[in-house]
Every structure is written in C-alpha cells, then in structure tokens.
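Just so you know, all these numbers are worked out from the coordinates, no wet-lab data involved. Everything numeric in this text was worked out from a predicted model, so none of it was measured. Note: ideal-geometry Cβ built from the backbone for every residue, glycine included; neighbour counts use all protein chains shown.
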Amino acid sequence: MRPSLHQASSPEYEPRNPGSRTGECASGTCGIRPECCGTSRRLPTPEGTAGRLETSLRGVFGKVTVHGESSVNCTSCGTENQSDRKFCKECGTALQAACAACGAANDPGDKFCGNCGSPLAPEPAPGDASPVAAAAPTEPSIVEGKRFVSVLFADIVSYTTFSESRDSEDIRDMLTVYFDRAREIIERFGGAVDKFIGDAVMGVWGATVVREDDAQRAVRAALELVDMVASLGEELGIPELALRAGVNSGSTSVGPGGNEKGLVVGDLVNVASRLQSIAEPGTVFVGGATESVTSRAIDYEAMGEHSVKGKTEPVAAWKALRVGSMVRGKSASDVRPPPFVGRERELRLLKDTLTAVMSERRAQHIAIIGEGGIGKTRLSEELKKHIDGYAEDIYWHQGRSPSYGDGVTFWALGEMVRQRAGIVEGEKPARARTRLRTIVADFVPTEDDREWIEPRLAGLLGLAEMPAGSRSELFAALRTFFQHIAAQGPSILVFEDLHWADAGMVEFISELVERSTKSPMLVVTLARPDILDRHTNWGSQHRSSVAVRLPPMSGSEMHQMITEYLPGLEHDVVDRLAERAAGFPLYAVEMVRMLTASGELVEEDGRYRYEGDASVMAFPDSLHAVIGARLDRLDATEQSLLQDGAVLGQTFSLDGIAQLRGEDRDALERQLGRLIQLEILDLEDDPRSPERGQYGFVQSLIREVAYNRLPRQERRAKHVAAADYLHTLGDPELAGVIAGHYMGAYEATPAGPERDDLIESAISSLTDAAERAVELHSHVQAMSLLDHAVELAADAGLQADLRLRAADSANKHGDVERGLVYIDAALEHFDTAENTDGIRRAATAKSELLNGYFRSPDALDAIEEVYNAIDSVDDPVTVGVAAEAARSYALTNNSDESIRAVDRLLPAAAEFGLEDITLDALITKATAFGFAGRYVEAFAILRGVAEEAELRGSVKASARALNNLASLIEPDNPMESLEISERLNEAVRRIGDMGWIVRNGYGLAFSYLADGRYEETLASINEFADDEQDPFNLATYEYLRGAVDHLRGPTSPEIVDNLIEVLGFYREDTDPQIQAFYLNSVAQLQADISRWDDAFDTAMQVDIRLSNAGLYIAAQAAAWTRDLERLETVAEQLADCPIPSVALRGYVAAARSALQGKTSQASTLFADLIDDQSRKLYGSYLTQFRATFAMLVGQDDPAAAQAARDADEWLTRTGTETLRRLWAEGLPPESRAELAG
C-alpha cells in the first residue's frame, strides 16, 4: 500500500502549516480558529459628479440640437457649446477632433478623418475595461493604395568597426539577441518588422493594421530601441554599443509585396533612412510630419534643416527627447513636470520586469523605497506613459494608502476595484452595485466564481455587508478577481504611499505576488523607508520580489535636470539650485516654484532668467522649509484654505471643503483655481476617472507642511467638523477616516473638559473602525484600534469588553500570547466584579484560542469548570461555552463527553439561530463518533453537514466536513476518499488558506500516484514548484517526483536509496504521524525492489493506532515470500488495529488459505475480495491483490488467470514498469517471458 501524508493524518489533528500567516488552522480540518487607469481614489464627492459623468457615456462627442442650433457637449465638463466653437466656453477643453495620424481638424462625431481616412477613436467611457489599452486596430489586410504610414529605420553605430575586432561567433550571438529584442519591441508597440539589413532594422506602422496613434507608437518604439541597445552593451561589456534611429510619416503607396506585411515604397521610406543616418548615436530623429502629429505626446528639440543624399531640398529634423504624455496627449497632471533624469536604470528595471511578466506569465513585485520627494511617483508615471504605446492591452490599477493613522483598512485596494468598475465617488449604492456586477461578469468567466467574488468586492467597497468567512477566503476572492483580469491581459497594480498602509494591506500584496505564479501581473509598491521599520524584509520577502532603494540624484544629474527644465538659465543659478537640492528632484522643483511665485524667476519665449544676484541667493535649509516658504507667500485666506484641505486629506472634494468652511462653493472654486495655477493643488478632470472633480495636493509633503502649520486649537475644531461631515455620507469605508479625525481632535486638545467631551466619540469611532477592519480580516489593524480605545476608556468593564474583542482578532491573526494577555486581563476584571456572563465569554475565548493552537489539554482546563457550572444551555453565551467544551473533549479523546456536550447545545443553538456554531458542533460530534468507531453515524452527519453548509454559503464548514469525511473514509474506500478530496480542492481554493491548499494538493498527488495516474500526480505538485516551500513540503515534492520516475522505471537499488535519503527529512520529525509516514514509505520502496525482509521489518515498526499501511506492506511481503509465519504475525497485529481494514483483512485471509494449501477456498476468497473492492481501491492496491491471487493460486484457475490478465493490463496501460517486473510471477506467461527476455 503506497503511503500518503493525507492518509497518515487523523481528522482534527492536521499539523499547522509553519508558513501560515493567517492565524488559522492551516489544514482547516479541526474547525478551531487559531483563526482603469489608476489615479488614486479620493474622499467621497456628492452625487453631482455622477450626473456630469453621464455625458461621457455617449462617446466623446455627444451631438445634440438646442433651439434649432447644433451644439457640442464638452468631453471634460459636459457644458454645451455651439458647434463652430473650437474650445469649451466653460473649461477651455478642445472641442474639435484632431486626427492623430495627419493632424487635420474634423467635425465632432466624425468616425474617420476627412483628410487621410484614419479612424477617429472616441475616448473610453468611465469604467473602460482597459484604461491604457491599445487603440483598436482595423483588421489586417493588404490592400493596394495610399496609406498614412510611419516608417522606422535603426542601425547600430560603427557596426563595421565593431565587427572587425570581434570573433564572428560573438558577433552572430550579439546580433541574434539584438534582432530578437528589436522585433519584440517593434511588435509590442504595434508595428511590423519589414526587414533586417545587416545590423539595420526597418519597422512599419499603418501598412496593414491602422491605428490613429501609429506615428506615436513608431517614435516610442524607436526610443525603446535606443535604450535596449545601450542596455545590451552593458550586458555584453561593450559600453560603446549604441543605436540611432529615424522615423518618418506620411502618405505612401502600400500593396502586396515580398512578404505578408505588404510593400511600403516611396520617398517616405528614403527620408526615414536619411534621418537615421544624420542622427547622433543614441538618439532618434524624426521628420516634420511625424513631429506634427506626435508633439502632444513626445517632447522634441528642433535640429534644423539638413542636406541629405537623394533630396534636392533640405530635410527638417527634430530629436525625440522623451515621452511627454499619454498617446492622446493627456498627462497625469497639468503641472509641468521636470525632465526625467537620473532614474533611467530603475525605469529600465520596471520595463524589463514587465516584459518578463508578459512572456513568463507570472507575477513579479518591484518595491520602490525612497524618501519623500526622491522620485518614486515619477517612476510609476513614466512606466504608465511607457505602456500607453503598447499594442497589447495592459490593465492599469493604482491606489494610495492615506495618512489617516491606523484607521483606513484596504483603502488602496478599494480604489483599484472602484477604478476598474468605473464607480464614481458619491454614486448611488444601487447603481454602484450594478457597475460592480457588470465588471465582475466581464472578467470572471464562471457563475460560481462570480457569486463568490462579487459579494466580497461589494463588502470591500462598503456597498453590502461582508459575507461570513475567514481572512484567507476574502484574500482568495480578491486575488482571484485580479488574476481573472490578468488572464485577459497583463495587469499592473501600483500601490502608492505603502508606508501608511495597514498591516493587512501589506500582507495581501505579499500573498498576491506569492500565489499568482501563473498570472501576468506586475505589482509596484512605492514607500518611504519607514516601511522597513514594520516590514524589515519588504521587497525581498520572496524570490518574485525585488527591492529598489532610490538614492539622491548626483550633482551632475541635478544639473542636467534643472538645465533642461529651465532652458537659458544662467549657469551660476543652476549650480546654486543643484547644490541646494541635495539630490532631491522635488526640492529643486519647489525652489523653482518659490522663485517663480516671488517674481525672481522669469520665463520669456521658453527661456528663463533670474532677476537678482545669484551670489546672494538664499534658500531654506530643508525641503519642508522650502515648501513652507512657498506657502508663506500666499495670502491668509489661501493659507487657511490649504490648511482645511490638509485636514480633509491628500485629496478632497469641493463639497467637503465647503462644508468644513461654511462658505459658498463658487467662491471657493475660484480660490482653489488660483492654487492650481500656483502648482500647489491639481484637479482631477479626466472624464474616465471615478475621482473626477476631486482636488489634491500636488505632492504629499505639501499637505504635511500645510497641516502642521495649523494651530492645535483650530486643528481640533476642523477635525471634529470633518468627522461630522463624513458621518453624513453614511459610507462604511470611511469608518477609519472618521476615527482618524476624532483621534486627531483628541490629540490636539489639552487635558481638560474639552478633551473629555471627545472621549466617547473617539472610542465609538475607533470601535467602528475596528469592526470594519475585522470585517476585512485586517486583524493587526483591529487590535491597534482597540488598544487605542482601551487607553481612552475609563470604565474597567468597557476595557474588558474591548480586550475580548481584541483577543478575537489576536486569535484570528495567530498571535496566541497577545490573545492570552487580552483574555487574562479581562478575566481578572470579570472575576473581581463577579460577572458570570463575562467569565463565561472570556473562558470560551480562551478555550477557542488554545484549541486552535493544539493546546487542547490547556483548553479543557480553561473551559471545563465553567462548563460544569452551567445548569442549562439556554442562551448564546452558554451555547458558546458548551461548543468549546465539546471540542476540547473531542480533542482530548473523550468522545462520550464531547457528544453529550453537543447534544446539550444544539436545541439552544437552533433557538437563537446560531447556524455556524450548529454546523461546527455537528462536525465535532461526527468526528467524535469516528474516533469511537461509530463510522456510519460519523459518515452520515459529515455528508449532511457538507451539503447543508454549501447551501448556506459556509465554505469553511463545508470544507472542514469534507476533509474529515475524506480522512475517516480513506482506509476502507480510498477511491471515494479521492473523489471527496477533489471536491475539497475546489473549496479550499475559495477559502484561500495556502497551507490547506498545499496539503490537500499533495494528498491528491499521493492518491493519484497509488492509482497510477502519474501525469496528474506531477500536475498536482508542479502547481507548487515555483512557490517558496517550507522544508517539509519541499521534501514531499522531491519525493513524489522521484517516486513517479521510480515507478515508471527503470529503477535500481541506487534510485531507491536516493529516495530513502530524501525521506530522511521526515525521520528527524518527532510527530508520530510523520514517523508512521516515513516508515511506510521506506518499507514500500524496499518492497518495490524485492527487499522483502527489510520491507517486512520496517513495516512492522509502524504504530498501528496511527496507520494500517504498514500492515498492508508487511502482508504483501509475507505473501510474496510465501511465509505463512509472517502472515500470521500480521494477522495478530491486524486484530488489534483500531483502523477500519476490511480489504486488508480479506487479503490476509485469502493469502493464508493459499499458503495453507486451501487453493479452492483461496480462489473464492480472492475473487470475492477483488469483486467487492474493485470500485473502492486505488489501482495499484487492486493490481497487487490480483497479481498475488494469480501467483499463489496459480493460473490454472480461470479466475486467477483473469486476475493475471487484468493486472498486466493495468500495469501496461499506466506504464508502471517497476511493479510489472516486481509482480511478474503473477502475470500471464507471455508477459513473464517478455520481461525475462
């Protein structure tokens, strides 16, 4: 009998997964709880935003008629304008559609350009499934005629000189890599490689597939080629390796040509080649048409006119400097950013990692860590601009963790889900729920998964109560949602300001990456170094994560950035600015803004000058001081407005600031507009964004400085007013924000009556926030919030109740000692106060905690006296006491008392509707029946509970019942146990407990191995091959892989010895169940190569109270050596074995008859045994019975001969060559002859 870790473990006693972070039983068997574009989400806005947004659902140009005149709705603000207007009268947004291909103006509503025929794609509506998706191309076809085409020429500079000094094989290898990467880049940006000529490459856009942004894609690809070759040079140790490129666009003839991509001919192609030839190494030159149609998205420097071969007129050229914005010319902010300098290596890492994610289809994590103002956010913005030109859809998600203290749970994740669903702030719950259901239906293919995921997303967003279940189940649902999105296209998730995030958010991110080994997903986290104080190995916690520390920029990099940012500025002024910035780009930008606001820095015709004496320029000593100096230049009203906004947070709505100040919205809007002009605030006006209409600080440091300047007394009043306003919105997601405001008010108030007046509100808000954190299974967050509440509470009874709530979170998080501290402190109060109800609640909590961590004797000590003192179980508290007593009795092998306790509690549990306790109690009772040998009752109850729990949506209870049923039923019906375990596999994936998933996966692998299903064995374990497995699971993985090879053959004593060496890991384990598995496995391997004596001796060492597999192996060894004495020894042991062993008893009886010479009786016994067990046993067990039958009885017996044929058929069909040779004596004569030959 091939041993199994699943079979070796008794129900209710699965060992906890040492890697489990959830604080729940890793196996889940015992039921004892150790228990699209992504701007960040802003605070809620009124419903008006949703109404304005509706206009964009009609498309970019919603044409309507008013009073007989044609009008156009502005795509930005929704205002109606006359059709002949070019810009919106309200907000200044362009109203006419410019063709991205040729630049010609077109009428609103036109689908194709009237000048060149290129499609005019509308802007996506809110909730667009791919906010940074590629523009939809037309179907590929090669049709003769003229097209607006963009052509790219690129070649390696000084290739001839380079190749002369190197070996031809080295050159070939380098060119192979270069060509492969060049093709990948061109195709990634939607182009087609037309040809390679030597070291040159020609790419074409628009010849067969037409997109409105083809020219931009060509330039982006050219810039990427330049970077790629420079990176290749670093890899190969050839720093001089460089590429130059030329891009030209225009109408040219396209038709069927020498390849499937069509033939592009004409002067356009020649000019592209000439532009490449005049470009400097490491640069991209473009022609006039290309510059004209791409200048909104690409930054250029004019390079003048050049005489080129083959052209009578000079050719104007522009050097492409960088990608300046998104493909439609929309930047992330209207604030002019400085040039991107000094972070090229880090951006290349992000790009290369994304490429690896897309090709390998597995999740990767880049943790960007650096001080405030160092450039973390800018890196993510550059990545977003980079992917905007990809031909393949990339799903972008972005969310920020706000700095409201400990109160806001999973905020960033909620932002991402809202973004993906297109849910606007302030949207009516019913409509938001509809949007959520729609997006779930779009991405989640199966109805079962939709019904599982959508309610939990709704709970996350506060649109509904969170369904019951564990944290791991919530994490699994959220993770599965993002994995389904990634299945439709590579996904990027950017988590900003992670240093403010709650512990649960950080754990979810780590788990998302670790468990998305087959999902193309790039996770980018941005955090200050503070995160390392709480998560010391952040970014290096597993092999799919990389930490990148951003150091200050060098002096030369700062000098370059400022020079390019402020062209024309005097060198001595640039030197002073670069010196004072100390490597922090934000410091330099804030100094520039300060000088601009003061009038000392003047811009004229794109050139800058400093009107003052640079030698006496004075700058504040720190970045905070620079920002403070800027704020000092504002008038008092503007400073006060910024301080109020800072109280509300990093972002805020017009309604929120109006409520806080009690002022007119229109007046405030004008004042906020001036702060936008001063580049202190910005306004989200993207019609695709659910945060449209929100104001935000340009940089979080500005908000911090503004907030810290608010006097403490004013700070108190503002926080209370903000909390009162947020209360009126009725959004459960804001519980943590509200708690943060009350705590801010409390901390800003000196000791005294005013402070005392805040305590009740502060405690109430903290407990509300803790309840929200518990709902989202962020238990560390909940404990922190409740600790604050305990500190504020003066009443000892309230403190005790709060500590019990905290203990529940400690239990679920897995912090046993912290939980016991909470409970013991509460018990001390309840004992002193003689509070019987409190004592019962605390004792129940203590027993539950201890049972969950396999300290059942201690758990019984904690609960038994309290339980015995109960006269009747007649309320929820006494039901809880009885349930814990039942569990404690069961886990200390007192089945009778356990069953009695369950019977006492069930009527009251039904009366009070305690469904979860009822289901758990029935599982406990059934398991106690199983321990007592009352299997029919145990099986009946467990089957019923599994079905009922599933109907009621209790996945954990259903899974626990299935697990215990599979464990109890396996000894007598392995195949049914396997079917149950396969059902269980689906359930545990929904629960998301990785320890349980891995354990059940390996259990299935052992079952498949015993049934000869080797490919399924490998598939089960290979799912975990890329995971970072603990030594136990790693040894199991290696053993199973080796066992498959061993059974398939050919095997040898050396192979068996190697496998036994792998098993040596288990030999050192003191767990009796693991020892049983180790001995069983070694004995089976010894039997497989006919080491019958060793196999018998090893198998007989197995504790028969834990496993009967050793007796199976010993019986096989006795039968195949025809040793009746040994077989009788097995029979004696079997009589004392408490584990059901019907098949084994039948095998021993049949073999004994054969060895005693009772051939006819043996034939009948074997035939009946095989007939009875044919649908119950794994294939290898049944085949061993058949081969033994044929070997002992002889094949003159027809039934034995048929058994031999059946055995050979199974061994041949499954490819089990090792056992075919081992059992050759029990196979048909022709098979024996074949094996002997």
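Tabulated values for the structure
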{"item": "Extension reserve of the N537-A869 stretch, reckoned as 0.36 nm per residue once the Cα distance is removed", "result": "114.6 nm"}
{"item": "Pairwise centroid distance, computed over Cα atoms, of the stretch 213-251 with the stretch 500-532, Å", "result": "33 Å"}
{"item": "Rh by Kirkwood over Cα pairs, then Stokes-Einstein D for the stretch 820-951 at 1.306 mPa s and 10 °C, µm²/s", "result": "106 µm²/s"}
{"item": "When the convex hull of its Cα atoms is projected in every direction, mean area for the stretch 556-622 (nm²)", "result": "4.1 nm²"}
{"item": "Coarse-grained scattering of the stretch 692-735 at q = 0.19, 0.28 Å⁻¹, given as base-10 log I(q)/I(0) from a Debye sum over alpha-carbon atoms", "result": "-0.83, -0.99"}
{"item": "P(r), alpha carbons of the stretch 344-548 - 10 Å bins starting at zero, rounded %", "result": "8, 36, 38, 17, 1"}
{"item": "For the stretch 1082-1170, size of Cβ-based charge dipole, Lys and Arg +1, Asp and Glu -1, in debye", "result": "280 debye"}
{"item": "Charge dipole (the stretch 711-777, unit charges on Cβ, about Cα centre) - positive-most of L766, Q713, H777", "result": "Q713"}
{"item": "Stokes-Einstein translational diffusion, the stretch 145-323 - Kirkwood Rh over all Cα pairs, 1.306 mPa s, 10 °C, in µm²/s", "result": "98 µm²/s"}
{"item": "Alpha carbon centroid spacing (whole Å) that separates the stretch 941-1003 from the stretch 833-903", "result": "26 Å"}
{"item": "Percentage relative contact order, the stretch 954-1098, counting C-alpha pairs under 8 Å, at least six apart", "result": "13 percent"}
{"item": "Sorted peptide list for 209-219, 518-528, 903-913, criterion being average Cβ within 10 angstrom, highest first", "result": "209-219, 518-528, 903-913"}
{"item": "Segment D837-R670, extension gain: residue separation times 0.36 nm, minus the distance between their alpha carbons", "result": "54.1 nm"}
{"item": "Stokes-Einstein translational diffusion, the stretch 711-777 - Kirkwood Rh over all Cα pairs, 1.002 mPa s, 20 °C, in µm²/s", "result": "179 µm²/s"}
{"item": "K309-D170 FRET efficiency (beta carbon distance; Förster radius 30 Å; 0.05 resolution)", "result": "0.40"}
{"item": "Highest-first arrangement of 185-195, 755-765, where packing means the average Cβ count within 10 Å", "result": "185-195, 755-765"}
{"item": "Segment R549-E579, extension gain: residue separation times 0.36 nm, minus the distance between their alpha carbons", "result": "8.6 nm"}
{"item": "Label-point separation, D861 to S764 (7 Å along Cα→Cβ), nm", "result": "4.3 nm"}
{"item": "Rounded FRET efficiency, nearest 0.05, which uses the C-beta distance separating E747 from D635 and R0 of 25 Å", "result": "0.30"}
{"item": "Shape box of the stretch 920-972 [Cα atoms, principal axes, largest first, Å]", "result": "30, 19, 13"}
{"item": "Kirkwood-based Rg to Rh ratio, the stretch 158-226, C-alpha trace", "result": "1.06"}
{"item": "Centre separation in Å (Cα based) which lies between the stretch 292-307 and the stretch 752-812", "result": "61 Å"}
{"item": "The stretch 435-580: projected area of the alpha-carbon convex hull, averaged over directions, in nm²", "result": "12.7 nm²"}
{"item": "FRET E, pair V602, E344, Förster distance 41 Å, beta-carbon r, rounded to 0.05", "result": "0.85"}
